[in-house]
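Each remark here refers to the structure printed beneath this line.
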Amino acid sequence: MPTYRNPTARFWEKVDFHSPPPGDRPDLGACWRWLARTNRGYGQFRDGWGATVKAHRWAYENQIGPIPDGLDLDHLCCNNGCVRPSHLEPVTKSENTRRAWLRDSARRPPLQPAVPRTPHCARGHAFSVRGHRQVCLSCIKISAAKY
């Protein structure tokens, strides 16, 4: 018969407390990285009742208290595998999505300016504008004649 182990002790065995701090937020301090099972980067933990829960949510509720109804936890460190409660903030789903979008757009390289289109095709014929596309009617006629 398996022996019962305290879920709190089992949980903290699976945490690396010495991960580096997030590069863009060193003021937060080191992340507490989840070392066990993950799903899409989020740690998973089987609580004392046999249910599988997200590790960061379990850590927050264990250390700080219940997450208010209707709120999600936002990782201020941008590390989904972090379970440090001070790196988690309860926010609305729309705010969490907005912050993620802002973080992602800040990391994306800037858009390159559009390459100007040439006024003629590779054979030197002038393009004709058809709707939103530039086409070479001369090349189309030559191709049709060959066919």
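None of the figures in this text is laboratory data; all of them are computed from the coordinates on show. Small disclaimer: the values here were computed from a predicted structure and weren't measured. Backbone-built Cβ (ideal geometry, glycine too); neighbour counts: all protein chains shown.
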Using a Cα-Cα cut-off of under 20 Å, which lysines could be cross-linked to K93, ignoring same-chain neighbours fewer than 8 residues away? K54
May I ask you to derive the relative contact order of the chain, considering only C-alpha pairs under 8 Å and at least 6 residues apart, and to give it as an integer percent? 15
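Take the Cα radius of gyration of the chain and divide it by 2.2 N^0.38 Å, with N its residue count; two decimals is plenty.
Computed over Cα atoms of the chain, the ratio equals 1.86.
What does the helix-only formula give at 222 nm for the chain: each DSSP H stretch with n ≥ 4 adding -39500 (n - 2.57), the total divided by the residues, and the result rounded to the nearest 500 deg cm²/dmol? Can you show the working numbers first?
Details: 4 runs with 41 residues, N = 147.
That comes out to -8500 deg cm²/dmol.
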How far, in nm, would the chain grow between I64 and T38 when pulled straight, counting 0.36 nm per residue and subtracting the alpha carbon separation? 7.1 nm
How would you rank 35-47, 94-106, highest first, on the average number of other Cβ atoms within 10 Å across their residues? 35-47, 94-106
